[in-house]
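Here's the structure, in structure tokens; my notes come after.
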């Protein structure tokens with residue numbers, strides 16, 4: 001498995017292309033940008049884009065859906081049944097799908113948005129805006145923040161410590177690092193112990 005990282009500078013978003021080296025089939029995480037750089041990676045390496053996995057439907061994460069479907073025809077997976085007018089194959093919590101010859105575990109982690117999904121492929125976890133290096137994503141209310149922290153602790157922090165975290169924004173991390181240094185999670189743990 002090979003992971004290509006693409007930085008969409010307009011909204012400061014990480015987008016990822018996960019390629020199965022055995023068959024050169026791939027899945028793309030989010031549709032924030034489709035520019036010459038990522039098209040070159042796909043075309044020069046003769047990669048077959050089989051699926052597009054949407055972490056959540058905020059516009060900056062899906063704004064290139066139309067462009068992608070003018071060039072490629074990947075299967076679209078998301079929590080919602082439709083995004084920007086495109087029908088999806090709906091995934092829910094703990095669904096395991098097989099695309100590009102890879103097993104992909106889908107984890108529903110609401111809080112930042114109701115439709116927030118994380119995708120685990122082997123030892124890589126793609127978290128969108130849910131979990132980032134050192135903090136969690138923004139929420140609209142305290143109740144949503146508590147929900148998000150609870151979901152992260154139950155579904156993500158229980159993964160192997162060496163699981164690599166590929167967030168929608170900022171640098172990469174590991175589950176072990178987030179357990180030790182994520183300020184939002186540490187603060188929530190401190191409040192629970194009062």
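Rule-based calculations on the coordinates, nothing more; no lab input. If you're wondering where the values come from, they're calculated on a predicted model, not measured in any experiment. Every residue, glycine among them, receives a Cβ derived from its backbone with ideal geometry; neighbour counts consider all protein chains shown.
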Here the gain from full extension of residue 35 to residue 103, 0.36 nm per residue of separation minus their alpha-carbon distance, amounts to 21.7 nm
What is the extension gain from residue 7 to residue 72, computed as 0.36 nm multiplied by their sequence separation minus the C-alpha to C-alpha distance, in nm to one decimal?
21.4 nm
Order of 77, 4 from fewest to most other C-beta atoms within 10 Å?
4, 77
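Determine the percent antiparallel among the DSSP beta bridges restricted to the chain, to the nearest 5.
Values: 30 of 44 bridges.
Here the antiparallel bridges make up roughly 70 percent for the chain.
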Spin-label point model (7 Å from Cα, Cβ direction): what's the residue 186 to residue 154 distance in nm?
2.6 nm
How big is D for the stretch 147-194, in µm² s⁻¹ as a whole number, if Stokes-Einstein is applied with the Kirkwood radius of its Cα pairs at 10 °C and 1.306 mPa s?
140 µm²/s
For the stretch 98-194, the fraction of alpha-carbon pairs in successive 10 Å shells from zero, as %:
17, 52, 26, 4, 0
Rg and Dmax of the stretch 73-145, Cα atoms, in Å?
13.2, 40
Just to be sure I understand the curve: with the Debye formula and one point per C-alpha of the stretch 2-192, what is log10 I(q)/I(0) at q = 0.10, 0.14, 0.18 Å⁻¹?
-0.37, -0.73, -1.22
In degrees rounded to 10, the 0-90 angle between helix 142-151 Cα long axis and the longest Cα principal axis of the chain is 70 degrees
Please report Rg (one decimal) and Dmax (integer) in Å for the Cα set of the stretch 40-92.
11.5, 34
